[in-house]
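The values are calculated or read from the model by the stated rules, or taken from the named source; none is laboratory data. Keep in mind it's a predicted model, so treat the numbers as computed, not measured. Glycine gets a Cβ as well: all are built from the backbone with ideal geometry, and neighbour counts include every protein chain shown.
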Number of protein chains: 4
Amino acid sequence: MIASEIEIDIRFSETDAMGVVWHGNYLKFFEDGREAFGKAYGLEYLTIFDKGYFTPIVKSEIDHKAPVYYGQAIKVITRYVAAKSAKIQFEYEVWNITTGELSAVGKTMQVFLDKESRTLELLTPDFYRLWKEKNKV
Amino acid sequence: MIASEIEIDIRFSETDAMGVVWHGNYLKFFEDGREAFGKAYGLEYLTIFDKGYFTPIVKSEIDHKAPVYYGQAIKVITRYVAAKSAKIQFEYEVWNITTGELSAVGKTMQVFLDKESRTLELLTPDFYRLWKEKNKV
Amino acid sequence: MIASEIEIDIRFSETDAMGVVWHGNYLKFFEDGREAFGKAYGLEYLTIFDKGYFTPIVKSEIDHKAPVYYGQAIKVITRYVAAKSAKIQFEYEVWNITTGELSAVGKTMQVFLDKESRTLELLTPDFYRLWKEKNKV
Amino acid sequence: MIASEIEIDIRFSETDAMGVVWHGNYLKFFEDGREAFGKAYGLEYLTIFDKGYFTPIVKSEIDHKAPVYYGQAIKVITRYVAAKSAKIQFEYEVWNITTGELSAVGKTMQVFLDKESRTLELLTPDFYRLWKEKNKV
């Protein structure tokens, strides 16, 4: 299992009138998590783009466990989830560092689109197959 | 089954570098959908707040079917989904009005928190039970 | 003087932990204002793009006069401000419809970039000169 | 002159359909800059809140010099600007670390509101006067 971690300070603009982080912002934290994973394991958005693909999110889920308040910091753990088909899947844990509580868990699924035609790639792209072999996932 | 509809113009700031609406913004469209539903059926955020409750989102899901480009408009259909417990559940359809395509479907679940203590309300609040009876859901 | 008006419902996600609309979101309201102006006067973003230009914002200012709370609605008045050079300038007023108060005023300036080369257009593009003549501005 | 610096990775969600950082997001970078300044000099949002005040932004300006693309990183320099009256003023420089170019400059002005009554504080609060003396500004 391969995973990465990143710590994030909450922006004031990410809070809402309940005084906590607005629920939709967790998708930004997942994005930060993917980015950190990509840097750690050589699967960055721009690398994929250079190989000829966009990898849009086609599915996302968030389960909220505890709120995060302004002034608190979070840690996002991003775990790669293997799939047979031409997909990139991650699971996330968002920890409230300040309280030690698990704030949320979530999942995303990405597919490969040819960057010119924007058509769905049904077969695993070569570079991604090699990446999987190299990382034994 | 009770539901509401709302049309939304895409903001330029809601697009991303792929030229389409950034996936996380669909949670804002779901929010607009809930708001429209609340106005239509008397279950607005501020009404609930006046009854003594916050109703934070504890679960959300988005399934993306087709992108939405800047300059296109969308329609959000928000459908109330009955639950026995003290929860508010909705299902959403986001239609691309310009292309006629279904762009995304999704779900959210909300719970009731006492607005002073911020503790979870395990029993269905009276006002919500009455609302459900009145709307036969 | 040519101007347009648009009414906007505040999203819950646009509020912050002070319980009011986060200051930066006014730039989204200005964007909505420009969009409404563009529709009313034939100067839409996509029209300009079809003529071969991007028109990025190079300058923006916001003066806040009074907060806007969740549950309140706003009206944005967008006024075209003439300039001799190859620029698009607007002034904005954001009114809190619920309270009748002026919430903010602001300004933006846009320039023309060739959409292929992304270089600055120093001369007023033909289509824009014609638009100005037609609208006597 | 007292100032602080912070480096920020651009989020994909912060880009727009022109492929660059959406102009309004610079106000989030200024927020990150103020936060970094607050941590460095003991003038954090929550410290001010504990002293009994909100400090909303009442004025902001952004001058854009050069775009920032996804995959690039920025540095925000936040400089305190002294004022005689009960205000907090900052000037910002946003540098594109990847290209070495100055991307934007800007300013913000904040006032003090009593956190209970939300009325404007016309006199410099004691804690802020002491902070200014200590920092010789």
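Across segment B:61-73, the number of residues qualifying as in contact with a strand residue (DSSP E or B) (Cβ under 7 Å, 6 or more places away or on another chain) and either more than 14 Å from chain A (Cβ to nearest Cβ) or modelled with pLDDT under 95 (or both) comes to 3. One residue stands out among those in segment B:113-137 that are among the β-branched types (V, I, T) and surrounded by 13 or more Cβ atoms within 10 Å (Cβ to Cβ): the one that is modelled with the highest pLDDT, which is B:T124.
Considering segment A:58-112 alone, what residues qualify as being over 24 Å from D:L46 (Cβ atoms) and assigned to a loop (DSSP other than H, G, I, E, B)?
A:A82, A:A83, A:K84, A:S85, A:A86, A:F112 - these are the residues of segment A:58-112 that are over 24 Å from D:L46 (Cβ atoms) and assigned to a loop (DSSP other than H, G, I, E, B).
When C:N25 is tested against (1) farther than 26 Å from D:V105 by Cα; (2) free of Cβ contacts under 8 Å to residues at least 40 places away in the same chain, just one condition goes unmet, and that condition is (1). Could you tell me whether D:L120 is over 30 Å from C:T108 (Cβ atoms) and out of contact with any Pro (no Cβ under 9 Å at 6 or more places or on another chain)? No, not satisfied. Residue pairs whose Cβ atoms lie under 6 Å apart, separated by 6 or more positions or on different chains, with the first residue in segment C:41-53 and of a type in the set (F, W, Y) and the second buried (at least 16 other Cβ atoms within 10 Å of the Cβ), are C:Y53/C:F112. Of the residues that sit in segment A:1-56 and are within 11 Å of the chain's Cα centre (by Cα) and among the basic types (K, R), which one is farthest from A:E91 (Cα to Cα)? Going through the qualifying residues, I end up with A:K28. For segment A:1-52, the set of residues classified as part of a strand (DSSP E or B) and of a type in the set (G, A, S) consists of A:A3, A:S4, listed by residue number. In segment D:39-57, what residues are touching a strand residue (DSSP E or B) at 6+ places or on another chain (Cβ under 8 Å) and among the aromatic types (F, W, Y)? Residues satisfying the conditions are D:Y41, D:Y53, D:F54.
Can you tell me which residue among C:V105, C:V76 is more than 14 Å from chain D (Cβ to nearest Cβ) and hydrophobic (A, V, I, L, M, F, W, C)? First the steps, then the outcome.
Working: C:V105 fails: more than 14 Å from chain D (Cβ to nearest Cβ).
After applying the criteria, what remains is C:V76.
When D:G19 is tested against (1) within 11 Å of chain C (Cβ to nearest Cβ); (2) modelled with pLDDT of 95 or more, exactly one condition is not met: (2).
Take the residues in segment A:91-112 that are surrounded by fewer than 21 Cβ atoms within 10 Å (Cβ to Cβ) and under 25 Å from A:F49 (Cα atoms); name whichever of them is farthest from the chain's Cα centre (by Cα). It comes out as A:V111. Close contacts from segment B:117-137, counting a first residue that is over 18 Å from B:S4 (Cα atoms) and a second that is among the β-branched types (V, I, T) and outside any helix (DSSP H, G or I), with Cβ to Cβ under 8 Å and a gap of 6+ residues or different chains, come to B:L120/B:V111; B:E121/B:V111; B:Y128/B:I88. Restricting attention to segment C:35-48, the residues that are crowded, with 16+ Cβ neighbours inside 10 Å, over 13 Å from C:T78 (Cβ atoms) and more than 9 Å from chain B (Cβ to nearest Cβ) add up to 1. All of (1) surrounded by 14 or more Cβ atoms within 10 Å (Cβ to Cβ); (2) modelled with pLDDT under 95 hold for A:S85 with one exception: (1). Taking the listed residues A:V94, A:V58, A:V81, A:V137, the one that is of a type in the set (A, V, I, L, M), in contact with a Phe, Trp or Tyr (Cβ under 9 Å, 6 or more places away or on another chain) and within 14 Å of chain B (Cβ to nearest Cβ) is A:V94, with no other qualifying.
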